[in-house]
Amino acid sequence: SNLSGQQGTFVGQNAGYSSTASYNTYMGSYAGQYHSTGEKNTSVGTYALKGVSATQTSADNNVAVGMSAGENIASGADNNTFVGMEAGKSNGAGDNNAYYGYSAGQNGTGSNNFFGGYYAGFSNIGNNSIQIGYRAGYKEKGSYKFYIAADSTASAFGTRTDSKLLMYGDMSNADKAN
């Protein structure tokens, strides 16, 4: 129950329950439940952007759409977009991520990543990676990794016989022009 914030919308059991901030929209049971001071967040779905229980979360400028999208977001996790059931569920304090698809980046904790597809970037804990397609980079843990997959890349480099890894790149040694 927001007693001091302005221009907030909360719909659902315990939605925005701990919020004292402004400009938040939480729709769905427990959506934004533990967000206390984070502003300009939008979540739609049960448990979306719920936050970590027993701690009050302060994260800004996040969008989560889907059940449990961004559920365990932590303080300092700013500028993220999670679209799909369990997308970015355990993101923690990662910033500037865009995860699209069922369980995309579900266990990811890094920053500056783009994951698009069913289970894309599922276990990624690195930064600055792009993983697109069905299970692209599923077990990848490193930073600066690039995957495009049409089927499972369950092992980090798509060496399984059922893998259909279309492209892989390690961008860590690439020239970084401004």
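The values are calculated or read from the model by the stated rules, or taken from the named source; none is laboratory data. Model, not experiment: these values are computed from the prediction. A quick note on method: Cβ atoms are made from the backbone with ideal geometry, for glycine too, and the neighbour counts reach across all protein chains shown. Note: accessible area is taken over every heavy atom of the protein model, side chains too, but ligands, DNA and RNA are not part of it. Shrake-Rupley method; radii C 1.70, N 1.55, O 1.52, S 1.80 Å.
Numbers for the structure displayed
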{"item": "Qualifying residue in segment 4-16 (condition: within 17 Å of the chain's Cα centre (by Cα) and at positive phi)", "result": "no"}
{"item": "Residue in segment 24-34 that is outside any loop (DSSP other than H, G, I, E, B) and either of a type in the set (S, T, N, Q) or open to solvent by 40 Å² or more (accessible area, probe 1.4 Å) (or both) present", "result": "yes"}
{"item": "Residue, least open to solvent (accessible area, probe 1.4 Å), within segment 120-135, restricted to residues that are in a loop (DSSP other than H, G, I, E, B) and of a type in the set (A, V, I, L, M)", "result": "Ala120"}
{"item": "Elements of type strands (runs of 3 or more DSSP E) contained in segment 42-119, each with 1 or more residues being buried (at least 24 other Cβ atoms within 10 Å of the Cβ) and of a type in the set (A, V, I, L, M)", "result": "63-65"}
